[in-house]
Structure formats: C-alpha cells, structure tokens
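As structure tokens, the structure follows; a few thoughts come after it.
The values are calculated or read from the model by the stated rules, or taken from the named source; none is laboratory data. As the structure is a prediction and not an experimental result, all values here were calculated from the model. Heads up, the Cβs are rebuilt from the backbone with ideal geometry, glycines too, and the neighbour counts pull from every protein chain shown. Ligands, DNA and RNA are excluded from the accessible area calculation, which covers all protein heavy atoms including side chains. Shrake-Rupley method; radii C 1.70, N 1.55, O 1.52, S 1.80 Å.
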Amino acid sequence: MSHGPSASAGAIIRSGHHDDAPYEPVFVGEAKVRLDELVKRYPRKVGALLPALWMVQEARGWVSEAGMAEVAAQLDVTPAYVKGVVTFYTMYNQHPVGKYLIQVCTTTPCHVCGAEDVVRAFLDQTGCGELGVTSEDGRYTVIEVECLGACGFATPVMVNSDFLESVSADRVADVLGRYR
Amino acid sequence: MPKLFVDEREVTVPDGATILDAARSIDVPVPTLCWYPKLPVVGNCRICLVSVEGNPKLVPACATQAADGMKVTTESAAAVRSRQGVLSLLLERYPVEQIPEGSSRNEFEEYVRRYNVPTTRSRELPLRTGDERREDPIIQHDMSTCILCTRCVRACADIQVVGVLDVAHRGEFAQIVVGADGNPEHASCTWCGECVRVCPTGAIHDIIPMAVRAASGEMVERMRSRDMPSPDRTVRAVCPYCGVGCQIDLQVRDEKVIHVKSPWIEEETPNEGSTCVKGRFGTDFIQHRDRLKTPMIRRGWIRQGDTWSYDASRNGDERWGRRGGPWDLVAEEGVTAKRRPRTNPLRTNPTGPSTLGDPQDRVAIPDDWYEPFREATWEEAMSLTAQELTRIRDTYSPEALAVFQSAKCTNEENYLLQRLFRGGIGTNNVDHCTRLCHSSSVAAMQRAMNTSAASGSMREVEHESDVIFILGANTTESHPVFGAAIKRAVRRGATLIVCDPRRIELAARARIHLQAMPGTDVAVMNGMVHHILAMGLEAKEFIAERTHDFDRLRDAVQPYTPERAEQISGVPASLIRQAAEAYARGPRSSTLWAMGLSQHSTGTDIVASLLNLILVTGSIGRWGAAMIPIRGQNNVQGASDVGAIPMFYTDYQTVTSPEIRHKFTSTWGVPDERVPLTPGLKVTQIVGAGSPVRGMYIMGENPILSDPDVSHAEQWFRSLEFLAVHDLFLTETARYADVVLPGASFAEKDGTFVNTERRIQLTRKAIDPPGQARQDLDIVIELSNRIGLPTPFENAAQVMEEIAKVTPSWRGVSHARLDGTGGLQYPVDSPTHMGTAFLFDKGFPTEDGKARFVAVEFLPAAELPDDEFPFLLNTGRQMYHWHTGTMTRRSFALDARESTPTVELNPADALTLGVHEGEDVVVASRRAEVRIAVRLSKRVARRQVFIPMHYREAAANLLTNPVLDPYAHIPEFKVCAVSVKRAEPVQLDAGAQGRSVAVQGD
C-alpha cells in the first residue's frame, strides 16, 4: 500500500465538487455571536482566522471555496489569503468528507508498530477502499496523517475530534462500532 | 550616510538604503526577480546575492542594508555560480522549449541568457500550474511560465490594495490563485493590469483584441500580449479618461496603436506606473470602425456658386424633416426592451466570451444613421460652416451663436476655439461640460477664496495627510489610480472619513461613514462646524489672521446642532461629532470632493458649507492639508483654465474688465468692441426654452445625453438653424448636425492636458487620424481664418506660446519644458519656475489675502420622493464606462466587462417589488421612464436607486430633474424622485428586439 497524500491536500486530489445550490452562510445567529466573541480575543480581526475556519468545518464538514470567501468577508481579508491558509494546512478539508473523518498516524514509530495494517483494516471495513475516498454510505473517510504526538501509544487514531490510543488492526471493528 | 564600494566604485547612499539601492544608484545591474521598486522586499528568489568582502556567505543585495566601508562585488565568481544555480532550478519547471534560440522573451529569460544557463531540463518535473482566468476577456494566465516570484501578489495587495492574488498550497504544489474560487469577479478584481505590468515572465498577460499576427499579417480576434510583434515605436501620451492625468505609453506598429503600457514605476508621473482598466485596456476606441473618416454634410444643403442654401426637397427622405433621421429618439429607446448578452449580463457569472460576437460591434452605429448625410470635402464642410456662422451672426447678433468646447480636447484647441468665438464671432457664449460637473465648486471657491482649482497635490494626500475627508466621490471607480493612492494612505494609518449616500468601497474602508441622504450635506457640514466650535477645536489663529466674516458663520451654524443635522441628513449625531473631532484634530486634514456635492440645485451652497469647514479648521495651505475638487475629465481643469467658460478669459480673468479685454483683443488683433463686456450664456442656459441661440458649434461633446433633460435637449437641438459637430463618432448629438467634422483622438495629436492637481502635461501624437480626419487644432485654425480672425499658428507649441503670454500663472510654460517630464503644476511664474505643489501657504489670491466665510442654510433638494414617486434616484459613473459611452462602449475590454445598463437596487426593496437580479424594471420620473435591468446591491440605501449615466438605451438623464443651481447653473443630477415597477418580462435571447442597440454583422 502506498503512502498516498492526505485527503486534505487539495493540491493533489482536486475536488470536482461544485455545489450548485446557493451558499448558506455559516456565520448567522449564534455562530455570528461566537465569531464576534472570538474576534475580540485578538488584536486584529484576522487573528481569528483559524478558529473561524474551524467553525466552518464544524458546521459543514469541510471548507468550500464559498466558505473561504465568507470567512474572508467576516474578517476583512481577501479570499485569496484565506485560500492560502486553508491549503497550507492538512487539517482543513477542502472537499466533503464522510460523517466520520478517520485520521490514522503512520509516522515512523506507528509504522513500526503496524499502522499500515490499521489503515488497511479501516479501509476494508469502512468500505472506503482508498485513502481520501468517502465510503458509499457517506459515513467514513480515512486519511493518513503525520505524527499525532502519542508515539508511546501506537497507533493513535482520531475520529473527528475523538482521540483514540493503541488502536490495532483487530480493534478496528470495535472502534467502528462506536461510530455508526 | 554610509559610504561603500560597489564593484570598486565608491558610492554614498542614504541611511537605511540597501546594497541594491547603492548599486542601482550608479547603474550597476544587479539581477532581481522577486524584488520590484516600491514593493515590500521578500528576498525569496536569491538571484541578487552578491559578495561582500569579509563575509563568508553571499548576501541578498535587496535585503541587506548598505554599511559604511562595505566592499561589494556584484559579479563575483561565487555570485555568478549561485545565480546560475537559481536559474537552472527555476528552469527545471519552465517550458524551456519556448525560449527562442539565442534570445529571450522576458526579464527571466534575459537572465538565463546573461548567465549562460543551459536551457535543458535534467529532470521530468511537471510545469507549474495555477488559476488561469481562461475565459477572461482582458487578463489571462499561463502559469506554466510562473516562477513564483510573487510580484503580482504584492503589486495587487500593496499598490492597488485589492488582493485578488495569493500563493496557495505548499511545497512543490505552491501556486498563484485568483481569489478562493479562481473567479476574479468574486475576488474584487478591477482589471487594472498591475499584475500584468510586474510579471517578469509573461505568465500573467493581457489579451489584445483584433490584433494582427506578426508573421502572416492575418487578423486574429484575440492574442496574448506576450506573443505580440514588437512595436515600431512607443509614444508617451496622457490618458484620455479621468482627471488623474495618468501618463501611458502607446506602442505603435504599422501606424496602429497595438498595445498600451504604463511608464516605469520610478518615473515621475502622476500615476507612478499604475493605470486603471480604462487607461490600459480601454483606448482601442481610437481604432473602432465607427470612427468618422470624412466630413459629412446633411443632405439638402446645396451649393450654388459660393453660397450654400438648404433645400428641403432634397434632404433624402421627407419623413425626416429638416433635422431628423431614421433613428429612435433617446426617449423612445429608453422604453424598449434591452438586448443583452445571454452570459454575464450582470457579471454574476464567471466572465466568458460574449454570445453576441465581437463586443466592439454591440453599440456600433447602425448604418442607416449615416443616411441623412453625404460625404463632403473639407473645403465644402468648412465653407458651409463659416458661411452659416457668419450669416447667423450678421442676421441676428453674435449672441445667437454659441460653442460647446471639450474637456477631452487639449488646452491649445480649447484656447483657439474660445479665441475664435470671442475674437472672431464676438460672443462670450462659450462653455463646456464643467458646467455640468464642478461649476458649483468653482463658484463657491471663487466666492470664498478666489480660486478655481485644487490647492494641493495627490501625492501629499497619499503620503502626508493624517485625515482624509472625502465627500460625494466614488474615487475607486471614477478615479481608480487616485483611489488606490487613498487606499494606500489608509493602510499607512491615515484616518478616512467618507460622506456618501452609497456604501462605496472607500466607505467600507473608512473609519467613519456618514451615509447622508443625497443633498443634505449642508446640514452635515454645518453640524460638524457647530460641534467644532462647541468643542473649541477651531483654528483660532488661522481664523483671526486669514479669514473674514467668522461671526456670520458662527451665528449661522448655531441652530445646526448635530441632533438637528441628524434629523435632516439621517446621519447619527454621534458620527457627526466623531467626524468633526477627527477632522479638526488632524493635524493635517485633506478634503476631497466630486460630483456628489456639486451636482445639486444647491451645489454652490453645499460646497460653500464644506469650504467653511476647511477654513474653520485651517485645513488648507499646508503640505498634507489639501483641498481637492477631484476633476472628472482629463482636461476639464485645463479647458476652464484656458477660457472655455462664459465669464472668464484664460486664468479666470473676468470678461467684464475693459483692461483685460484689451489685453486679449490686442493680442488677437481685433477691435476691443468686438468682444462684449458681459458674461455669456452657460451650457444650461444655451440649451432650452428661451435661449436666443440659433446656431451652434460643438467640439467633442455629446450634450443630448449629458443634458439633465434629454427629451427637451433633443428637441431643442433639432430646432436650431445651424449645428456643426466636431467629434470622433456620429454621436447622438452629431446625428442632428448640418456639418459633421471628423476630429482626432488623444493619440493623434500633440498638446497639453491639465489634471486635477493643476499639473500641465504634454501628450504626444502616436498615429495619424484615420482617413481624412484632421487634427482638431488644424480645423479650428482654418475655421478661424475663414471667419476672418487671423490665426497664424502651425502647431500646438506655438499656440502655447500665446497662451503663456496672456495667462499669468502659465507664464513659464512651454512645450519644450514639458517634453519628457512629469509636467508642471501651475502657477509657473517664469521659464525657470518649477511649479507649485500646493497653494495658499501665505495668503489667498483675494484683494487682502484673506478668505471669506459664506454662511449657508440647508435647503432640501428640489424634488423629493413622495407617494407617487417613492424612490430617490442618484446617478453617476461606473468603473468600466465613461460619460455618454462614446469612447468606452466602443472598447472591446470595457464593453465586455459591462455591456448593459443596470439600476442598483437594495435587495430589501427588490423583495418588496418582487423583482430579481437581472430582471427588467421600469423606472419613471415626472419627466420620462426607462426600462432597465436590476442589479441587487447593498451599496444603495433602501428607497434609493442608482443609474449610471453611460447608456443611450436607458439614459439616466431622461429622468433627472433639470432644475439649476442659482449661482453656477449646474443641474440637479444627483436627486430626483422616481417610481420603480416590475416590467413585463420579454425574451432576452440574442436574436430579438429592434434596431435600438442593433448589432451589425460583418
């Protein structure tokens, strides 16, 4: 199995996704209040850029180009600048992902401890088949990530914001059972 | 002041200068890619590395400060080796096969050749990619040649302060992106072309419409600028559009202007190398096929012997009558369904090729417009014009003749034309479109401080002002290059205060936006002055020493508490207070305004109230405290300066003084009594009922569309006994002429223009006028001589000699001095005087040197919304068009961007009316109605609509209220009451509809 690019690296998997439905803004009502609170924490509005993008990702599961434009308008920066930031990080999804985004660490210690098998098990049991591809039921997307900072508890896995340690291939079914 | 050695040459540079600055100051060519003058230094390309003695590593010349005693070697073996390395790495992802054998196409390739880097690629890396603007009609990208120097990113963000572009993705995938989604429209692109100018590889390039392919001579519809054949010559001209007065370089090949470039950024020009979309991409109208190429005479004019007479039975078609033709009146066209392209009518879609074929033909003149005319010789046209002008003068009186001069023509042409009508005919009925733009500003400034032009310069606003107060001026669209300078000033930290009924781009960037109801500015200004006095923030010393009548002002503003101002204008009192304090505290506050203040029936009062604010805070006469009425046209200042207005000779010398008259009549060689001592009629008095004028000469104006009441104006022009129009195209006005004289465009003449900061600049002739069209100067000279006014000039330089002789503040101006410079700001008192960047540091040009407060009361606009006409109509300009569209609607690029008339409507109002973006509405006033498409925009407040003035097929001025300001006779273009209703939908397909905006197939 190859170490493919992370599903978030938009430079490689360019999403063909173009939603024709009119864009529904994220920052309305309570979300707008939250953003305004966030902005107050920083000396300049643009300081709230990363958290604002997280809010978009929480609400939509990914950050669309229209979402970048909305964040740009909210924080008085240019859409191109926001895109530069979004595409710099792997943590923002640039195309839709499954209900559960499964991030498996495959950096050296985990690799030694069998992370490859964990990845394989996730791909097989979720039905995704390939890294970065969303399962047909829309439930899962599996990606490999660099070090999650838990080398003593290989293999760490993140399912959305849940952090799981010491996941082995035979625990995968159990894990998935918790995220249906 | 460090002293260092660069390549063994000693050089002293200012503190803080870099090694690169030192090298450039002695013309040592250090190669640079990411570095560009005036852009922030990023130091990422590493091609400018140089050796410094005692330093073990190479250092970047662009990012290393010069130090005393430094010994720099720019072409050391190590530096050259390093550069070769940099270049060969860049070549790994560059389409090397495109580099011509032994030569180069751009800056980057020049370095490749200079350092003998082999143009082979050793590894199979993919070429770079990026957003490509594939369907863009003006600017496109070929990112395979991008070297990621990021000049374009910084030019867009730091010079134009827009930020369309940025670098996205990481590592080997890093690339230039356009906004978030690749659509420049969504990224606020203004198509100014700054990115094109700075790109060192041609990866970002413009598209040249209707270009000739170099090798075959074959015509192609579009060509990449970087594939263009090299020009035969480059000619420096001054842009024909707004009052900023940008210098542009016209590249000429085979006697055609094939491309426009801007001057090098470090040259001293008003634009410092920038242009806007109109200057860079909008000058192709000069080669439009509609250009008039021969003189034309209306059918029915017969010559017997030396005498012309009109024979109605021979006019070609009796249905047309004396002055008609096979066309619809503007009012009739206003209510027809508008033909519009299927794609991009409102620019909400990504730009794409128009489905209507070549946009250059979209507003082409229908062939049948020429039917009432026959082609004539110059001799015929001139003799008929001279005969009729003389006949009307002798039959009635000189006052039965009038001339409209042109803010688009040079000072020399305007001077000679007013000389012809004053000295030759004997009338002061001389005016031009300044009447419709800043005449009220001039009236107010004359009254308060006896001046008629800006006191300061654009550069001081950009670099020095602490507070910039801008009123009724949508600068980023109407004067984009100056608008960018204001945005740079805001980024530098200047406080921007905007007073405008629309939430324009600058308003969104302003610290304070005073969103006043149109026409209520007097209340806002008086409220601000009231608050300043209440807080004791007035400039007491300035008021005491340099002004009169302060007491009157204090009494007059007493009732205008900020609360009362709020009631009248709708601006919260707290904002009025904040703005007043910020402005008064300055310390250097500049004041800019344009049509939003002047085009009102109370325009003079409105500007007067603003001048009170300027004087009460002493915000004038210091560097950084400028007063600038931003001029609309490239030579509206100059045309006024050289006497194209009814009450003044050149330099605002009054026509009522016998001594001044004698100075002019003796210069012209005519008797004193030839020229009356009474001011002539103004534009708005000449056109319309009760006017004594029976015959007119119009040079380069289109008054039928620019008059505040188009329907009446059109009828009035049809009733004239004689009309001669001298223009580039058969305009809506020219179609009613007896004689049409084909003139020359800005690119076809020598002469001078004056920009908004009193800067006199020379524009040079690049090409000959098409066909038999002639220089405007020649036409006026010949006509003058035929009328009997001796006019012995051969060229514009000689005319300028006479202007300098009779114009005190231009005494030191000559073409020789202006040639190759950034111009001179008058007053220029002597041939060695270097011009005047700002005025009034010592006194005002009044008798005692003091300015005068003129207390004014608020008066409401003449026609306000009511139940029947519940909306307030505002009119003005758009970014991509110009005045009556004569030029811009014939430009490929500009028409592709903005091809149809639209009305800006607040989305909340649209919801109430039940109309959607792009649907037609009928906008009606008490005078007329027009059918026009809706553009939803939160820029306009609720219950207000905005219609641009550029479109014949939905002429804003059918609707506007022709009521005039009592002092300046400027019409109230900015306020009238209208109703807005949904129009019956019509099929919007390409084939439908009538002749009104007919497309001519080739």
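Computed with a 1.4 Å probe over protein heavy atoms only, the accessible surface of the range A:100-177 comes to 45 Å² per residue. Each of the peptides A:97-106, B:13-22, B:419-428 was scored by the mean count of other Cβ atoms within 10 Å over its residues; in descending order, highest first, they stand as B:419-428, A:97-106, B:13-22. Using a/c under 1.5 as the rounded threshold, could you call the range A:84-137 rounded, prolate or oblate? The axes a ≥ b ≥ c are square roots of the C-alpha gyration tensor eigenvalues, and prolate needs a/b larger than b/c, oblate otherwise. Oblate is the answer for the range A:84-137, as a/c is 1.5 or above yet b/c matches or exceeds a/b. Distance between the 7 Å Cα→Cβ label points at residue B:304 and residue B:908: 7.1 nm. Considering Cα pairs under 8 angstrom that are at least six residues apart, work out the relative contact order of chain B and quote it in whole percent. Computed over chain B, the figure is 15 percent. Among the protein heavy atoms of the protein assembly as shown, carbon and sulfur supply 51% of the accessible surface, probe 1.4 Å, non-protein parts ignored. Averaged over its residues, the range B:225-336 has an accessible area of 39 Å² per residue, based on protein heavy atoms and a 1.4 Å probe. For chain A, which span is the longest to avoid every loop-located (per DSSP) member of GluC sites (Glu not before Pro) having at most 16 other Cβ atoms inside 10 Å? It runs A:1-129.
The slack in the chain from residue A:58 to residue A:37, taken as 0.36 nm per residue of separation less the alpha-carbon distance, amounts to 5.8 nm. Computed from protein heavy atoms with a 1.4 Å probe, the total accessible area buried between B and A is close to 1300 Å². Among the GluC sites (Glu not before Pro) within the range B:59-154, those in coil by DSSP and having at most 12 neighbouring Cβ atoms inside 10 Å are B:101, B:124.
Work out which residues of the range A:59-85 lose at minimum 40 square angstrom of accessible surface when the other protein chains are put back, relative to the chain isolated, with a 1.4 angstrom probe, and list them by number. Those residues are A:65, A:78, A:79, A:80, A:83. For the range B:908-971 versus the range B:601-622, the inter-centroid distance based on Cα atoms is 29 Å. For the pair residue B:63 and residue B:943, the difference between a 0.36 nm per residue extended length and the Cα-Cα distance amounts to 311.4 nm. Counted by Cβ distance under 11 Å from residue A:105, the other residues give a net charge of -3, where Lys and Arg count +1 and Asp and Glu count -1. On a per residue basis, the range A:29-88 carries 49 Å² of accessible surface, using protein heavy atoms and a 1.4 Å probe. Given R₀ = 45 Å, what would the calculated FRET efficiency be for residue B:917 paired with residue B:511, taking r from the Cβ atoms and rounding to 0.05? Approximately 0.90, to the nearest 0.05. Inter-part distance, the range B:1-32 to the range B:882-904, computed on C-alpha centroids, equals 48 Å.
Residue B:301 exposes around 20 Å² of accessible area when a 1.4 Å probe is run over every protein chain in place.
The relative contact order of the range A:29-88, computed from alpha carbon pairs under 8 Å that lie at least 6 residues apart in sequence, is 25 percent. Across the range B:227-246, the residues whose backbone nitrogen lies under 16 Å from the label position 7 Å along the beta-carbon direction of residue B:255 are B:232-233. Over the residues of chain B, the helix contribution to mean residue ellipticity at 222 nm works out to -7000 deg cm²/dmol, using -39500 (n - 2.57) for each DSSP H run of at least 4. A Förster distance of 45 Å, applied to the separation of the beta-carbon atoms of residue B:798 and residue B:110, puts the FRET efficiency at 0.55.
Within 10 Å of the Cβ of each residue in B:156-168, the mean number of Cβ atoms contributed by other protein chains is 4. Model label points for residue B:314 and residue A:139, set 7 angstrom from Cα along the Cα-to-Cβ axis, are 9.5 nm apart. Label-to-label distance for residue B:332 and residue B:857 is 4.7 nm, based on points extended 7 Å past Cα in the beta-carbon direction. Shape of the range A:29-88 from its Cα gyration tensor (a ≥ b ≥ c, root eigenvalues): rounded if a/c is under 1.5, otherwise prolate when a/b > b/c, or oblate? It comes out oblate by the Cα gyration axes.
State the percent of C-alpha pairs, over all pairs in the protein assembly as shown, separated by a distance greater than 55 angstrom. Cα-Cα pairs in the protein assembly as shown separated by more than 55 Å: 24 percent. Taken residue by residue and averaged, Cβ atoms of other chains lying within 10 Å of the Cβ of B:185-192 number 2. Measure nothing but the geometry: give the 0 to 90° angle between the long axis through the Cα atoms of B:480-492 and the longest principal axis through the Cα atoms of chain B, rounded to 10°. Helix B:480-492 sits at roughly 50 degrees to that axis. Would you mind getting me the FRET efficiency between residue A:76 and residue B:27? Use the beta-carbon distance for r and R0 = 51 Å, nearest 0.05. E(calc), rounded to 0.05, equals 0.75. Inter-chain neighbour count for B:89-99: the average number of beta-carbon atoms from partner chains within 10 Å of each residue's beta-carbon is 0. Compute the signed sum of charges (Lys and Arg +1, Asp and Glu -1) over the other residues within less than 10 Å, Cβ to Cβ, of residue B:405. It works out to a net charge of -2.
What figure, in Å² to the nearest 10, do you get for the accessible area of residue B:848 with a 1.4 Å probe and non-protein molecules left out? The value for residue B:848 is about 90 Å².
Would you tally the net charge around residue B:771, using a Cβ to Cβ cut-off of less than 11 Å, leaving residue B:771 out, and scoring K and R as +1, D and E as -1? In short, +1.
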